[in-house]
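Just so it is clear, none of the values below were taken in a lab; they were calculated from the coordinates. Keep in mind that this is a model prediction, so the values were computed, not measured. Cβ sites come from the backbone with ideal geometry, for glycine too, and all protein chains shown count toward neighbours.
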Amino acid sequence: MTSTVEDNRQVASEVRAAGINEALTVMPDEKGHFGPYGGQFVSEILMTALAELDQAYRHLKNDKNFLAEFHHDLEHYVGRPSPLYFAERLTKQMGGARIMLKREDLNHTGAHKINNCIGQALLAKYMGKPRVIAETGAGQHGVASATVAARFGLKCRVYMGSDDIARQSPNVYRMKLLGAEVVPVTSGSRTLKDALSEAMRDWVTNVDDTYYIIGTVAGPHPYPMLVRDFQSVIGIEARAQCLKQFGTMPDAVVACVGGGSNAMGIFYPFLEDRDVRLIGVEPAGHGLETGQHAAPLSRGKIGILQGNRTYLMQDSDGQVLDTYSISAGLDYPGVGPEHAWLKDIKRAEYVAVDDKQALHAFRQLNRLEGILPALESAHGLAYAMDLAATMSKDEIIIVNLSGRGDKDIPTMAKLDGISLD
Amino acid sequence: MSRIADCFQRLADNHQKALVVYVVAGDPSPAVTVPLMHDMVASGASIIELGVPFTDPEAEGPVIQLAHERAMRHRVSLRDAIAMVASFREQDTVTPVVLMGYINPIEAMGYEAFAALAASAGVDGTILVNVPPEEGQVLDKALISQDLDPIYLLAPTTPEARARMVFERTRGFTYYVSVKGTTGAGNLDIDEVTRRVAGFKAYATTPIVVGFGIKDGESAAQVARVSDGAVVGTALVSLMAANEQDPVRLRAAVTELVADMRTAMDAVS
Ligand SMILES: Cc1ncc(COP(=O)(O)O)c(C=O)c1O
């Protein structure tokens, strides 16, 4: 495999050759709806900016120069394609299906987030916006945004909840090294959700010169669509790599779900392969029954927050609930609207894994494979490990290892009672 | 005729402009809200926008965000805000009251249940900050069937074709957000406001009131001269924070600010 441009073409032609019905992949509609979900629930000030972005994106996604630049940077700057790696010792330990890891942790800056940031920084460049802003939870999207801003010569400001600043300190310093301004957000629950609201406020105020790089498949249309499209390079590669290595499709594809971008990115190219199970793993925190979790698809109700209609953690008055997960990147009360739709039409399944299970998987991967996963990714991994044990040895599970865990070392050390100072 | 249409008719007959006041239900405490509403009417307010507290008021600046947080500490819900309107209506059956806020509490209650409850309490309309006309179609039907006005917003970024579409959907009045930013932001650019409002007037279907950046009698008067009314929010809400512990001083301060604005607006109309 030499480049993702070729992979893209290869998959597209396979899809056409197989005469596969593309109905699932034509979403969203004109106005950004996935069935009843999605849409543009924003203030009037932003409607024109969103229309401009939508128009620019629809034009550029078919523009040769834009695509060439995107794929060039994915290959030479991000280091794509990322390997599809057979976790042999982990597989042996579980005694069932082959566990294959899609190694997004090996990307430049350490997570899948960079794929989307390259795409959106290019959009900012083509749209002539000299300043970018971003929200971040774990700091991975903030780092990726600050990185592309440095690379493209854009001014960058990152909003981050003050609680997350405390638990992801290596990434905070890293953003500053990259020349970004990190603004602590002290309102509400002081986590990802509040950082996103604060970024929207900045955008409303500076809409003329500012591009807002949303880090996941949430927010108002066209963000859920364009973030998915930029991230779908993960699934396009994984699908082609699996075919090449095994001559067959995987039996299941598993990914953690915070806002849902790494999951949408790996699911999307498999949507028409109806025999492939797609499984999204939400954080159950201290346990779904405790109410202290961040699993809207498992336990939420339909609501509207931050630009779209989706499943939401909320009380009976429609107030948004505080969420909890050990993983800052999954600690969000909503979820991308396309996941809400895929759940309803039963094309994807959504399950939840608690802190303990995720921590166990985190340690196992270190010991058995020499890979330090992000705590977010450890949620997907934990579910895949248990699932593998119930499947036969000739079956294949692909896990999206969405990021590496360097940023989580302070959290883990604290849990283990070790001082790093 | 609706209370809102009556109100603008009355104002026109008296050669006055609308003074629209915004407070958050339950800020700084639930017991104060209804007395404050009456005080504001007595000192010259024409229309009350009652803010419905929400956990994530994403279009608000810091001052109004804190107002939502104060009200949320008292767990004031949409249902409570509607009950406050019902209580206000026991003494005042004339002054229009519109609920202003975010869609999720209404989504959670259900559109039809909300419209029925709000109408029976004497609410006159809604201003939903995060519902542009494109997303309001279903809700509008429920509101209109109960004679509630869906009030939509215009912004400095709204192009003419879009403004025409907004005027096909808005009822009662239309709210022009005068600055790019959150509530409480920036300085009023009165020349720009004058230019935009004059443009809208060519095809407006309702009166136009102007909000954001109006802090005192002078700015209210400037805006009133070129539109159908001025909205004051952050300046009032600041008084809630400053006098949180002292309801007597709070009511005096609110009365004084509203009266000042009324006087300044009447001097130029
Ligand atoms: C490594 C990693 N995985 C997953 C996520 C969750 O985001 P999403 O669900 O959008 O992939 C994050 C977010 O910060 C992350 O850093």
> How big is the gap, in Å, between the Cα center of the range B:234-269 and the Cα center of the range B:136-161?
Replying inline: 29
> What per residue convex hull volume, in Å³, do the alpha-carbon atoms of the protein assembly as shown yield?
Replying inline: 153
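On a full-extension model of 0.36 nm per residue, what is the gain between residue A:166 and residue A:186, subtracting their alpha-carbon distance, rounded to one decimal in nm?
Details: separation 20, 0.36 × 20 = 7.20 nm, distance 1.20 nm.
Answer, rounded to one decimal: 6.0 nm.
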> If chain B were replaced by its equivalent ellipsoid, with semi-axes equal to the square roots of 5 times the Cα gyration tensor eigenvalues, what would those be, largest first, whole Å?
Replying inline: 24, 23, 18
>> Using a 10 Å cut-off around each Cβ, can you sort A:71, A:286 from fewest to most neighbouring Cβ atoms?
In response: A:286, A:71
> Ratio of the range A:283-421's C-alpha Rg to 2.2 N^0.38 Å, to two decimals?
Replying inline: 1.13
> In the structure displayed, which of A:301/A:346; A:343/A:407; A:125/A:193; A:102/A:155; A:64/A:125 lie more than 22 Å apart, Cα to Cα?
Replying inline: A:343/A:407; A:125/A:193; A:102/A:155
> Under a plain spin-label model, where a point goes 7 Å from the Cα along Cα-to-Cβ, how far apart in nm are residue A:48 and residue A:416?
Replying inline: 5.6
> What FRET efficiency would be calculated for the residue pair residue A:290, residue A:249, taking the C-beta separation as r and a Förster radius of 51 Å, to the nearest 0.05?
Replying inline: 0.85
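Let's see if you can work this out: charge +1 on each Lys and Arg Cβ, -1 on each Asp and Glu Cβ, no other charges. What is the dipole magnitude of chain B about its Cα centre, in debye to the nearest 20? Let's see the in-between values first.
On the way: 22 positive and 33 negative charges, 47 e Å.
With Lys and Arg at +1 and Asp and Glu at -1, about 220 debye.
Could you work out the mean count of beta carbons from other protein chains within 10 Å of each residue's beta carbon in A:303-309? Walk me through the numbers on the way to the answer.
Values: counts 5, 11, 9, 3, 2, 1, 4.
Partner-chain Cβ atoms within 10 Å, mean over residues of A:303-309: 5.
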>> Could you compute Rg(Cα) / (2.2 N^0.38 Å) for the range A:219-369, with N its residue count?
In response: 1.07
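Arrange the following residues from fewest to most other Cβ atoms within 10 Å of their Cβ: A:355, A:317. Let's see the in-between values first.
Numbers: A:355 22, A:317 18.
Ascending Cβ contact count within 10 Å gives the list A:317, A:355.
Which ordering of A:223, A:159 is given by a fewest-first count of other beta-carbon atoms within 10 Å? Don't skip to the answer; put the middle values down first.
Values: A:223 32, A:159 24.
Taking fewest neighbouring Cβ atoms as first place, the list is A:159, A:223.
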> Can you give the three extents of the C-alpha atoms in the range A:112-194 along their principal axes, from longest to shortest, in whole Å?
Replying inline: 35, 22, 22
> Which Cα, out of A:200, A:359, B:36, lies furthest along the positive dipole direction of the protein assembly as shown (beta carbon charges, K/R +1, D/E -1)?
Replying inline: A:359
> If the label point is 7 Å along Cα→Cβ of residue B:195, which residues in the range B:153-182 have backbone nitrogen under 16 Å from it?
Replying inline: B:155-160, B:178-180
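Using the membrane-span-like helix rule (whole DSSP H runs, Cα extent along the own axis of at least 15 Å, mean Kyte-Doolittle hydropathy at least -1.0), which helices of chain A qualify? The partial results should precede the final answer.
Values: long enough: A:4-17 (19 Å, -0.84); A:44-60 (25 Å, 0.19); A:113-126 (20 Å, 0.19); A:140-152 (18 Å, 0.41); A:192-205 (20 Å, -0.29); A:233-246 (19 Å, 0.47); A:355-369 (21 Å, -1.05); A:375-389 (21 Å, 0.64).
Helices passing the filter in chain A: A:4-17, A:44-60, A:113-126, A:140-152, A:192-205, A:233-246, A:375-389.
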> Gaussian network model of chain B, Cα springs within a sub-10 Å range: biggest mean-square fluctuation belongs to which of B:93, B:126, B:183?
Replying inline: B:93
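Under the Kirkwood approximation for Rh and a Cα-based Rg, what ratio Rg/Rh is obtained for the range A:160-272? List each step's numbers first, then the result.
Numbers: Rg = 17.5 Å, Rh = 16.3 Å.
Across the range A:160-272, the Cα-based Rg/Rh ratio is 1.07.
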>> Below 8 Å, C-alpha to C-alpha, sequence gap of six or more: please give me the relative contact order for chain A in percent.
In response: 20
> For the pair residue B:256 and residue B:12, how long in nm is the line joining their label points, each one 7 Å along Cα→Cβ?
Replying inline: 3.7
